[in-house]
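Presented below is the structure to which this report refers.
The values are calculated or read from the model by the stated rules, or taken from the named source; none is laboratory data. The structure presented is a predicted model; accordingly, all values stated were derived computationally and were not measured. Cβ: placed from backbone, ideal geometry, glycine included. Neighbour counts: every protein chain shown.
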Amino acid sequence: MTIQKIGLLVGSLRAASYSRKVAEELIHLAPSNLQLEIVEIGDLPLYNEDLEQAVPASWHCFRETIRAKDGVVFITPEYNRSVPGLLKNAIDVGSRPYGKSVWNGKPGAVISVTPGGLGAFGANHHLRQSMVFLNVPMMQQPEAYLSHIAVCFNNPQSEERERLDQFLKGFLDAYAAWAVETARKEA
Ligand code: FNR
């Protein structure tokens, strides 16, 4: 059995972030062939090409951490119908210097999260737009738009929470199978 090392990138720094709770739930539910780890992005200086002359240690560490992963899963809230700057910054940092992007070819997936009712659709698809440019194949199905997320985490015994866990398990199984197949094709 091939074990896939997958980086989880969370688009929120909030201590009580629902997106982080979803990432932690993914780690809890992961099948044995997926090794999931949250890659922290909160200490990355804002992307500035001038800094490539003396690369900040946190940029270097982040780039090497992502480079060592077999795939990436983004778990993101939506800010004003788009990707939070925090996550966009991490994507930008990983994408440079030009020609040395750490994202290239890694099987990706996105889960968008909101306490609201529209599934953070805008963030989900803006993120996909950047990934097309960065040559990150993104899993198409199942799509993951998690609406009304507060209900799930505020009521751990509820039907909604049970449904969330069932959905996340199915998502991970689909991602595990698809990531192996995609990596084989990219090799
Ligand atoms: C939001 N929120 C939000 N929600 C949404 O569904 N669509 C949106 O466009 C926005 N826009 C937005 C902008 C900004 C600046 C903030 C701070 C918040 C609400 C957001 O979904 C909510 O705060 C989530 O709880 C944030 O995710 P975490 O931190 O719980 O992971």
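Just one of the numbered conditions (1) in a loop (DSSP other than H, G, I, E, B); (2) in contact with a helix residue (DSSP H, G or I) (Cβ under 8 Å, 6 or more places away or on another chain); (3) within 12 Å of the ligand (Cβ to nearest atom) is not true of Ala150; which one?
(1)
Looking at (1) free of Cβ contacts under 8 Å to residues at least 40 places away in the same chain; (2) within 27 Å of Arg63 (Cα to Cα); (3) within 11 Å of the ligand (Cβ to nearest atom), which is the only condition Gln140 fails?
Going through the list (1) free of Cβ contacts under 8 Å to residues at least 40 places away in the same chain; (2) within 27 Å of Arg63 (Cα to Cα); (3) within 11 Å of the ligand (Cβ to nearest atom), Gln140 breaks only (3).
Six or more apart or on different chains, Cβ atoms under 7 Å: show the pairs whose first residue is in region 155-168 and farther than 19 Å from Ala30 by Cβ and in contact (Cβ under 8 Å) with a residue 12 or more places away in the chain and whose second is of a type in the set (Val, Ile, Thr) and part of a helix (DSSP H, G or I).
So the pair list comes out as Glu160/Val151.
Could you please find all residues in region 74-87 being in contact with a strand residue (DSSP E or B) (Cβ under 9 Å, 6 or more places away or on another chain) and either away from the ligand (no atom under 11 Å from the Cβ) or assigned to a loop (DSSP other than H, G, I, E, B) (or both)?
Once the filter is applied, which keeps residues that are in contact with a strand residue (DSSP E or B) (Cβ under 9 Å, 6 or more places away or on another chain) and either away from the ligand (no atom under 11 Å from the Cβ) or assigned to a loop (DSSP other than H, G, I, E, B) (or both), region 74-87 yields Phe74, Pro77, Glu78, Val83, Pro84.
Please enumerate the residues belonging to region 93-126 that are within 16 Å of the ligand (Cβ to nearest atom) and either outside any helix (DSSP H, G or I) or at positive phi (or both).
Result: Val110, Ile111, Ser112, Val113, Thr114, Pro115, Gly116, Gly117, Leu118, Gly119, Ala120.
So, in region 67-85, exactly how many residues are surrounded by fewer than 19 Cβ atoms within 10 Å (Cβ to Cβ) and of a type in the set (A, V, I, L, M, F, W, C)?
Going through region 67-85 one residue at a time, the tally reaches 1.
Among the residues of region 1-24, how many are out of contact with any Asp or Glu (no Cβ under 7 Å at 6 or more places or on another chain) and modelled with pLDDT of 95 or more?
So the answer is 16.
Checking the conditions here, which among Phe74, Phe62 is among the aromatic types (Phe, Trp, Tyr) and within 15 Å of Ala23 (Cα to Cα)?
Answer to the selection: Phe74.
Which is over 26 Å from Ala16 (Cα atoms), at pLDDT 95 or above and either surrounded by 17 or more Cβ atoms within 10 Å (Cβ to Cβ) or touching a helix residue (DSSP H, G or I) at 6+ places or on another chain (Cβ under 6 Å) (or both), of Lys100, Lys106?
Checking each option against the conditions leaves just Lys106.
Quick one: which residue in Ala68, Ala57, Ala90, Ala23 is more than 16 Å from the ligand (Cβ to nearest atom), in contact with a strand residue (DSSP E or B) (Cβ under 8 Å, 6 or more places away or on another chain) and either free of Cβ contacts under 8 Å to residues at least 60 places away in the same chain or not β-branched (Val, Ile, Thr) (or both)?
Going through Ala68, Ala57, Ala90, Ala23 in turn, the sole match is Ala68.
Output the number of residues of region 96-135 satisfying the condition of being among the small types (Gly, Ala, Ser), under 25 Å from Asp43 (Cβ atoms) and more than 15 Å from the chain's Cα centre (by Cα).
1
For the structure I just gave you, tell me whether Arg63 is touching a Lys or Arg at 6+ places or on another chain (Cβ under 9 Å) and either within 16 Å of the ligand (Cβ to nearest atom) or in a loop (DSSP other than H, G, I, E, B) (or both).
It is false that Arg63 is touching a Lys or Arg at 6+ places or on another chain (Cβ under 9 Å) and either within 16 Å of the ligand (Cβ to nearest atom) or in a loop (DSSP other than H, G, I, E, B) (or both).
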